Structures are given as C-alpha cells and as structure tokens.
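A.B. asks: Structure in structure tokens, see below.
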Number of protein chains: 4
Amino acid sequence: MQCLPLFVEPPSNMPFTYERTIRFSDTDAAGVVYFANILSICHEAYEASLAAAGINVGQFFCYPKIAIPITHSTADFMQPMFCGDLVKVHVTPKEIKDSEYEVAFEMFGVSVSGGEVKEVTEFLTARAFTKHVCIDTAARSRTFIPADVMRWLQQWGGTGATRDMDLLL
Amino acid sequence: MQCLPLFVEPPSNMPFTYERTIRFSDTDAAGVVYFANILSICHEAYEASLAAAGINVGQFFCYPKIAIPITHSTADFMQPMFCGDLVKVHVTPKEIKDSEYEVAFEMFGVSVSGGEVKEVTEFLTARAFTKHVCIDTAARSRTFIPADVMRWLQQWGGTGATRDMDLLL
Amino acid sequence: MQCLPLFVEPPSNMPFTYERTIRFSDTDAAGVVYFANILSICHEAYEASLAAAGINVGQFFCYPKIAIPITHSTADFMQPMFCGDLVKVHVTPKEIKDSEYEVAFEMFGVSVSGGEVKEVTEFLTARAFTKHVCIDTAARSRTFIPADVMRWLQQWGGTGATRDMDLLL
Amino acid sequence: MQCLPLFVEPPSNMPFTYERTIRFSDTDAAGVVYFANILSICHEAYEASLAAAGINVGQFFCYPKIAIPITHSTADFMQPMFCGDLVKVHVTPKEIKDSEYEVAFEMFGVSVSGGEVKEVTEFLTARAFTKHVCIDTAARSRTFIPADVMRWLQQWGGTGATRDMDLLL
C-alpha cells in the first residue's frame, strides 16, 4: 500500500456502503432489532470499511500497538427493523484532531414493491456516531492517527457538511 | 398498587442500583467489554429497576398496548471492563414530557484491595442516557406515560441536578 | 411459488453455502469466536438458505401458524476463528419424520496465501446439527412440515451419506 | 489455596446453582430466549461456579498458560423462556480424562402462584453438556487438568449417575 497521489483518487465524498440482512439473533421479543444491536451493525459496517481500505481487521482490533477504542457513541432510532429486512449502512469517517476521529453511520431500510416494474425505496431507520481516540498501548497516552487509518479517512471521509449535520442532531 | 401520596414517600433521590458480573460473552477480542454490550448491561439495569417497582417486565416489553421504544441513546466509555469484574449501575429515570422520559445510567467498577482490612474503591467506567417515547400501538401515536411507569419515575427519579449533568455532556 | 416438477430440478445434493466475515462482536476475550456465536452463525446460514428457497424469513420466525422451534443442537469446535476471517457454512437439511427435520452445518475457514499465484485452502472449523419440530401454534401439537419447507428440504437436502456422517459423530 | 483433604470436604454431589433473570436482550422475535443464548447462560453459570471455587475468571479465560476451550456441546430445549422469567441453572462438572472434563447443565424455570400461601414450582426448560480439553498454549498440546480446576471438579462434581444420564440423551 502506498500513499495515494491526490490526482489519482481525490476524496470521493462517497461514503462506504455496507449491506446486511437483519438476522433472527438481531431481534428481541418486541419483534424488532434490539437497540444495542443497531450499534453492533454499525460497527460491522465500520469493520467492512476498514477492510475495504486494505486494513487487516484482525490486527487492527486485537492487541495492536495503537489501540483506537470508542470513547463516545450516540444513536437515533427512527424506524423499527425486522428479521429478513435488507439494510444499507453508509459509513462516513472524519478526522477531528490528530489523535481522534469520528464515524457517522446512516442506516437505511430497503423496500421493494410493485409487480412487473419493481420500485425500490430506501428510508432512514437509524443514525449513529462513534468517536475514536488513538492510544499508544505501551505508553498509555494519546498518539497520532496511524498512516493506514489516515488513508481510510481520506478514502471514505466526508466533507464539512457531514460534520454540520452532526451538530444539528 | 396505589398512587403514593407525596408526604409518605418523597422522591428519594436515591437511584436504583443494579449489580452485575462481567461475563465472558460480554467481552471482545480486545479483551474488554464490547462497546454495544455496555448499552445492553444498562438496559438490563433498566429492566431490573422496572421489576423493582412492581412492573411485569415480560408484559412491558412484549407487544404491549403502550410501547415505549428507545428513540435516542448516548454513551461515554471511560474505563475498560474485564471478564469477572463486578460492576454497579445506577439508574436514574426522569420525565421530560408527558409522553417521554429519559434514563441516566452510571456504571462503576468495583475494586477490592488490601489484606486484613479490605479497601473497596468504585470508579466510573461508563455513562449512558436513553430517551423513551410512549406510543399507543393501536393508534400509532404518542400517548401519556402510563400510571405504573409514572410511579417508577417517582420511585427512582432524579432531581434537576441529574438533568443538568446531562446537558454538560 | 409452485411445486417444482422433479425432472426440472432434481435434488441437487449440493448444500446451500453461506459466506460470512467474522466480526468483532462475534469474538470474546480469548481472541476467537465465542462458542455460542458459532451456533448463531449457523442459524444465520439456515435463515439465508430459507430465503434462497423463496421463504419469507420474517413471517417464518415471528408468530407463524406453524412454529418450528429447535429442540436439540450439537456442535463440534475444531479450529478457532478470528476477527476478519472469512468463513463458509454449508447447510444441509434433511427430513426425519413428517413433523421433524434436522439441519447439518459445516463451517470452513478460508485461507489465502502465495504471491502472484494465490492458493486458497479451506479447512473445517466447526460442525453442528440442529433438530426442528413443527408445532401447530393454535392446537399446541405436532403437525406436518409445511409445503414451502418441504421444497426447501428438496432444494438443499442431502443424501443418506450426510445422515451417516451424523451418526458417526 | 491449598489442596483440600478429602475428610474435610468430601464430594458433596450438590451441583452449583446459578440464578438469573431472563433479559430482553436474551430474547428473539419469536418472543422467547434465542436458542444460542441458552448456551451463553449455561456458560455464565460455568463462570460463576469457577469463581465460587476461588478461580480468577479473568485470568482463566483470557490468554492463560493452559487454555481449556470447549470442543463439543449438546443442548436440549424443552420449554420456552420469556423476558422477566427467573431461571436456575445447576452446574455439574465431571472429569473424563486427565486432560478433559465435561459440564452438565440443567436449566429450570421457576414459577410462583397462589395468593396468601405461595406455591413455587420448578420445571426443566433446557439441558446442555459442554466438553472441555486442556491445552498447553505454548506447546500447543494436551496437558493435565490444572490443580485449581481439579478442586472445582471435586467441589461441584457429580457422580457416575450424571454421566449415565448423558449417555441416554
């Protein structure tokens, strides 16, 4: 992996998209996805976005030199999701400080209707944010965002507009 | 259960406390409790506080006339928690509107040290808030907080101070 | 959906295959997939095989006229699985009685090595069986396997060889 | 911890008992405890039985010198369990070889009825077995059951009768 020259791949402002079918184990006795599992599904999407940027997810999460734990999360739950539903999660990471980034998640349900001509509609079911801080595990202190994570931020990162949206929540 | 006259049982300002041992299934490959499971443990504490106020938890959550889904959550993760750790969760509910309440959770780790004379210290590991909206499931519209939930709010409810703390987050 | 004439689509003896990346939430503090989550992943594969046979998974699991609960499960855990690993699950259902079927699951890890020429090897990580009994939920008694489930059994069902393998466990 | 002389504490044949309230997160959209979560609850009971024998559960499970993974599990699901239900899990471990043990779990629902005089009835909801093999993590080979685990086996261990029951399954 090399540093990508800007003219080859400019920040696309296209978020990473993760598709997932809601499974029976995601649901609770109210018949819908259990609220904390929605954050788990967002984390799955985060993992998939890291892998899609060439990051080895196993090494990233499990006893790395630089650990990047979640220090804060928020979530808004708009619509219930049901077993068998297809959902799409848009993942938009954003650098906040040189040791800190946040990830915005927007989860959409996908509904298909109609006969001969199918009509596909997407509707927002949940929105979440997670904040992540880079920690040097040996020194137990904050450290810079690693180079491969910086590339991931550039690859899937949003513009200021995304951050503004966050502030409106 | 009758409505409690205020002079008999004034709001105690004592939060409900739930004790829980961290289990292996709560943890992830980083060796600590998985972030979304911290919200699950808070929800367990919420369930226990409802049961302690005489509410039938099975009926409360599963296809009731008035559903009270979580519409928003926030969480701050201060300290990692490990398999075998004892944690205490303080649960402080608070009415926001006549159809809406929030619940504040403070999770403490409990550490015991010393020889003959034990020293017990508690330290804040996580803090979370959940917002809940009462929905008439037949009419599919907002409705009033039910009477038994009002009693639970009075029994474990916090003062304005708690809400101020929330605003500072 | 109509009953498939045998000459158009004979029993293929090809099991249904489900692909899945191991996620961080699947793991525990020993750094590998938590044992009970392996059964959850098998159930996901079962759900995917049902959906691939045209069955509406949401209706199938949630308060149906005929409930088909799992009454028995066995599992053998051969190899640990790690966050980021790709796994394939082969799903082979088999009718046992007119009210009962079992599903065999074989989970394989996929390992890719080599430079110019990639070498892909698959290795068995776990094997599981689940037994399912059809219950008429109104009458609370055993009932026949429904027609759409019979078609699923025909579509992905194994031969006697699979059952023999089961007996050797 | 010293080795307990046999005349002080003979094998009690009393299983360890773990009490647990079924939580909302244990359930699925069929309104009952998700099948794989029943195995998780059994594992919680196993952890509690280890802790009650003086074993540090955190060290036991997380990167120990001797790892004791589960290599096999079976489970029978007799009765559904619902959110809010109280369950008791009896834990009966048994040595099989010098490097191997199994644990039998019996899960009972507890039902309370009646007015002035309460009547408490317990009914079997699930039964499970797990097999565990001791592995020297450095040498990557089978090794003897460690001394503290042998004491746990003696403290909560069953008689041959339990093993016979297993064979009948």
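A.B. asks: Picking from D:21, D:17, which residue would you name as being at pLDDT 95 or above and more than 15 Å from the chain's Cα centre (by Cα)?
C.D. replies: On inspection, the qualifying residue turns out to be D:21.
A.B. asks: Can you tell me which residues in the range B:70-91 are facing another protein chain (nearest Cβ under 7 Å) and farther than 30 Å from residue C:30 by Cβ?
C.D. replies: Correct list: B:70, B:71, B:72, B:74.
A.B. asks: Is the range A:99-106 home to any residue that is away from chain C (no Cβ under 11 Å), farther than 21 Å from residue A:22 by Cα and open to solvent by 30 Å² or more (accessible area, probe 1.4 Å)?
C.D. replies: Within the range A:99-106, none of the residues are away from chain C (no Cβ under 11 Å), farther than 21 Å from residue A:22 by Cα and open to solvent by 30 Å² or more (accessible area, probe 1.4 Å).
A.B. asks: Between residues in the range B:100-116 that are of a type in the set (Gly, Ala, Ser) and residues that are modelled with pLDDT of 95 or more, which pairs lie under 6 Å by C-beta distance while being six or more apart or on different chains?
C.D. replies: Pairs found: B:104/B:92; B:104/B:129; B:109/B:85; B:109/B:87; B:109/B:123; B:109/B:125.
A.B. asks: On the basis of being among the aromatic types (Phe, Trp, Tyr), in a strand (DSSP E or B) and surrounded by fewer than 17 Cβ atoms within 10 Å (Cβ to Cβ), does residue A:123 make the cut?
C.D. replies: Answer is yes for this residue.
A.B. asks: When residues of the range C:46-84 are filtered for being assigned to a helix (DSSP H, G or I), open to solvent by less than 40 Å² (accessible area, probe 1.4 Å) and not charged (D, E, K, R), how many remain?
C.D. replies: Going through the range C:46-84 one residue at a time, the tally reaches 8.
A.B. asks: Residue C:111 passes all but one of (1) over 20 Å from residue C:15 (Cβ atoms); (2) among the polar types (S, T, N, Q); (3) at pLDDT 95 or above; which number fails?
C.D. replies: (3)
A.B. asks: Could I ask something else about it? Just checking, which of A:112, A:91, A:87 is assigned to a strand (DSSP E or B), open to solvent by 50 Å² or more (accessible area, probe 1.4 Å) and out of contact with any His (no Cβ under 8 Å at 6 or more places or on another chain)?
C.D. replies: A:112
A.B. asks: Next question, about the same structure. Only residues that are of a type in the set (Gly, Ala, Ser) and within 9 Å of chain C (Cβ to nearest Cβ): list them for the range D:30-50, please.
C.D. replies: Once the filter is applied, which keeps residues that are of a type in the set (Gly, Ala, Ser) and within 9 Å of chain C (Cβ to nearest Cβ), the range D:30-50 yields D:30, D:31, D:36, D:40.
A.B. asks: Starting from the range C:132-158, keep only residues that are touching a residue at least 12 places away in the same chain (Cβ under 8 Å) and assigned to a strand (DSSP E or B), then list their pairs with residues that are polar (S, T, N, Q) and open to solvent by less than 30 Å² (accessible area, probe 1.4 Å) whose Cβ atoms are within a distance under 6 Å, requiring at least 6 positions of separation or different chains.
C.D. replies: Sorted first by the residue in the range C:132-158, then by its partner, the pairs are C:142/C:99.
A.B. asks: Same structure again: Looking at (1) within 12 Å of chain A (Cβ to nearest Cβ); (2) over 28 Å from residue B:81 (Cβ atoms); (3) in contact with a helix residue (DSSP H, G or I) (Cβ under 7 Å, 6 or more places away or on another chain), which is the one condition that is false for residue C:53?
C.D. replies: With respect to (1) within 12 Å of chain A (Cβ to nearest Cβ); (2) over 28 Å from residue B:81 (Cβ atoms); (3) in contact with a helix residue (DSSP H, G or I) (Cβ under 7 Å, 6 or more places away or on another chain), residue C:53 is out only on (1).
A.B. asks: Of the conditions (1) within 12 Å of chain A (Cβ to nearest Cβ); (2) at pLDDT 95 or above, residue C:62 fails just one. Which one is it?
C.D. replies: For residue C:62, the exception is condition (2).
The values are calculated or read from the model by the stated rules, or taken from the named source; none is laboratory data. Given the structure is predicted, the values throughout are model-derived calculations rather than measurements. Positions of Cβ are generated from backbone atoms using ideal geometry, with glycine treated the same way; all protein chains shown enter the neighbour counts. Calculation scope for accessible area: heavy atoms of the full protein, side chains included, ligands and nucleic acids excluded. Shrake-Rupley method; radii C 1.70, N 1.55, O 1.52, S 1.80 Å.
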